[in-house]
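The values are calculated or read from the model by the stated rules, or taken from the named source; none is laboratory data. Because the structure is predicted, anything quoted here is derived from the model rather than measured. Please note: Cβ atoms are built from the backbone with ideal geometry, for glycine as well, and neighbour counts cover all protein chains shown.
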Amino acid sequence: MIAIDTLIYSIGLAGVAAQAAAGVLEAGRKPFDMFGMVVVALAAALGGGSLRDLLLDRKVFWIADQSYLITALAAGVAAFALARVVRLPARLFLLPDAVGLALFTVSGTQAALALDAPWLVASLMGVVTGVFGGIVRDVLCNEVPLVFTGELYATASWAGALLLVALGTLEVSHGWAALLAGALVLLIRLGAMRFGWRLPVFSARL
Amino acid sequence: MIAIDTLIYSIGLAGVAAQAAAGVLEAGRKPFDMFGMVVVALAAALGGGSLRDLLLDRKVFWIADQSYLITALAAGVAAFALARVVRLPARLFLLPDAVGLALFTVSGTQAALALDAPWLVASLMGVVTGVFGGIVRDVLCNEVPLVFTGELYATASWAGALLLVALGTLEVSHGWAALLAGALVLLIRLGAMRFGWRLPVFSARL
Amino acid sequence: MIAIDTLIYSIGLAGVAAQAAAGVLEAGRKPFDMFGMVVVALAAALGGGSLRDLLLDRKVFWIADQSYLITALAAGVAAFALARVVRLPARLFLLPDAVGLALFTVSGTQAALALDAPWLVASLMGVVTGVFGGIVRDVLCNEVPLVFTGELYATASWAGALLLVALGTLEVSHGWAALLAGALVLLIRLGAMRFGWRLPVFSARL
């Protein structure tokens, strides 16, 4: 089991690094200095888990274990340095970001269930953990959040979170439930990227 | 007394529903997908109470009782569905929204007083509960917050909150104090809507 | 020692007042009403310390002691009133703001160290305390945060915070460490204002 825990922890760090690097590339469209880049990178990588922990009254994860903070910082600075030298394709980080989304969804939902949160709240905590960082990133860049308009992202997260909650009530073992839920997030997200799946855009008659 | 508690609880849910529906209509000016609408609706309906609970270190109200979350979600989706079919007048939600403002102001101020917050802090918590959701809604929509520029809204909330604090020091019973304070919020807000009362706009010589 | 504590407390209040007044001037470019100005002033003055306290799970400082809230409110209203009559130069508040930055950096870092936060987290809490208020102010005004693009500000804060952490491990007395760290923040910030020091602006090849 230690090997699996180590694997999950490593994937978590990789997800944080991917979201920090993607944050730097997103912020690169604005005339930010290096500090601005770093703040956007940290907000993108750590924002979702921070809001989850504040709402659930848990110790904030990157304060309890600063490996996450160091990883996000290092990934942000590395992406900053690289992007000054070579042309980084924006899609470079999409796959690790999708893996991170799956993992954050599962870990966020499990954290809420462990604190006896009601089922809908628990599933939403998975979504918050997965997508809130990207919303803060876009607000800081003074843009409408991408996650509100693009290919399925939060929906993938929510589907996986709901599956995890459902499997929990069916008394499926924690490990299998996490694996299946994470796989569902990943499948929907990769499908959305490949085939351009989207939610209907709102067109109110206002 | 159970009947009154039920009434207050129901008005609270109605206020949450009204702010969620109004959030959807506000977001409808942007090319958001359904997830974006739902997030804006939830932020508008639950944002104020969430910030109050975080600042006061209370359990977040919609995590403790997910009826609020379900109500906000249902109202947001219903408004979304309706607005695709018929033309919803933006003013439709103004009356329930004003009732919600009055109730949130009272409940927010009382919650802070119950935790022995100083009087100015307590009155501000009433305002935060009433108006912060609308500020988050507008920031997510990448707009200057409406509450900073329009007809009296936060001012109505603050007047009621200060009255509630004052009545508390005068040892007026809780029920009467709440009723009078809520009525003051409602009166000022409805008067502002009817007669266009506004605060002076800032015109600094910069 | 009581005299020094009183001095530090007074400087803290002066820093809060300076950031509130600067917030009003910043918001003055937008057509906000008086409530909008006050909210921006409060967010600018109290936002950084609030986020620090939420993340560290401490009692929010202006709820524990409402002197800060009253000071921010009074300074915001005074700046509002003054700016309607005379032309306030934007640079008027830069010196007290720099002093406030130094003090907030030191107090934020010390608060985190007192709770046994890891070193990098502690230094970041100093930066958060110093600069987050300005970020919220600019987001509310629907602008790209100034602190991401202008002369050295957060960098001055971070340098001082890291010095404070380093001096702590070297067992330098608390008083001297705070004084040296605060002086470093002030020196870098004043130098940046005088000589236009900046971080390199990001120029990703996107």
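Quick one: would you say B:Arg52 is basic (Lys, Arg) and assigned to a helix (DSSP H, G or I)?
So B:Arg52 fits the description; yes.
In segment A:1-46, which residue that is closer than 20 Å to A:Gly130 by Cβ and among the polar types (S, T, N, Q) is surrounded by the most Cβ atoms within 10 Å (Cβ to Cβ)?
A:Gln19
Please specify each residue of segment B:77-100 satisfying the condition of being charged (D, E, K, R) and assigned to a helix (DSSP H, G or I).
B:Arg84, B:Arg91, B:Asp97
Do we have any residue at all in segment C:129-139 that's over 27 Å from A:Val60 (Cβ atoms) and modelled with pLDDT of 85 or more?
no
B:Val127 - would you say it is closer than 26 Å to B:Trp158 by Cβ, touching a residue at least 12 places away in the same chain (Cβ under 8 Å), assigned to a helix (DSSP H, G or I) and out of contact with any Lys or Arg (no Cβ under 8 Å at 6 or more places or on another chain)?
yes
Considering only segment C:181-197, how many residues are surrounded by fewer than 16 Cβ atoms within 10 Å (Cβ to Cβ) and on the phi < 0 side of the Ramachandran plot?
6
Have a look at C:Glu151, C:Glu143, C:Glu171 and point out the one that is at positive phi and not in a helix (DSSP H, G or I).
Going through C:Glu151, C:Glu143, C:Glu171 in turn, just one is at positive phi and not in a helix (DSSP H, G or I): C:Glu171.
Please work out which one of (1) more than 10 Å from chain B (Cβ to nearest Cβ); (2) modelled with pLDDT under 90; (3) buried (at least 23 other Cβ atoms within 10 Å of the Cβ) is the condition A:Ala98 fails and give its number.
Among (1) more than 10 Å from chain B (Cβ to nearest Cβ); (2) modelled with pLDDT under 90; (3) buried (at least 23 other Cβ atoms within 10 Å of the Cβ), the lone unmet condition for A:Ala98 is (3).
Here's a check for you: in segment C:101-118, which residue that is in a helix (DSSP H, G or I) and aliphatic (A, V, I, L, M) is surrounded by the fewest Cβ atoms within 10 Å (Cβ to Cβ)?
C:Ala114
Starting from residues that are assigned to a helix (DSSP H, G or I) and of a type outside the set (A, V, I, L, M), keep the ones in segment A:174-206 and report whichever is nearest to B:Met34 (Cα to Cα).
My answer is A:Arg189.
Select from segment C:157-184 the residues that are within 14 Å of another protein chain (Cβ to nearest Cβ) and in contact with a Phe, Trp or Tyr (Cβ under 9 Å, 6 or more places away or on another chain) and list them in ascending order.
Once the filter is applied, which keeps residues that are within 14 Å of another protein chain (Cβ to nearest Cβ) and in contact with a Phe, Trp or Tyr (Cβ under 9 Å, 6 or more places away or on another chain), segment C:157-184 yields C:Ser157, C:Trp158, C:Leu162, C:Val165.
Can you name the condition, by its number, that A:Leu51 falls short on among (1) more than 7 Å from every other protein chain (Cβ to nearest Cβ); (2) without any contact (Cβ under 8 Å) to a residue 40 or more places away in the chain?
A:Leu51 satisfies every listed condition except (2).
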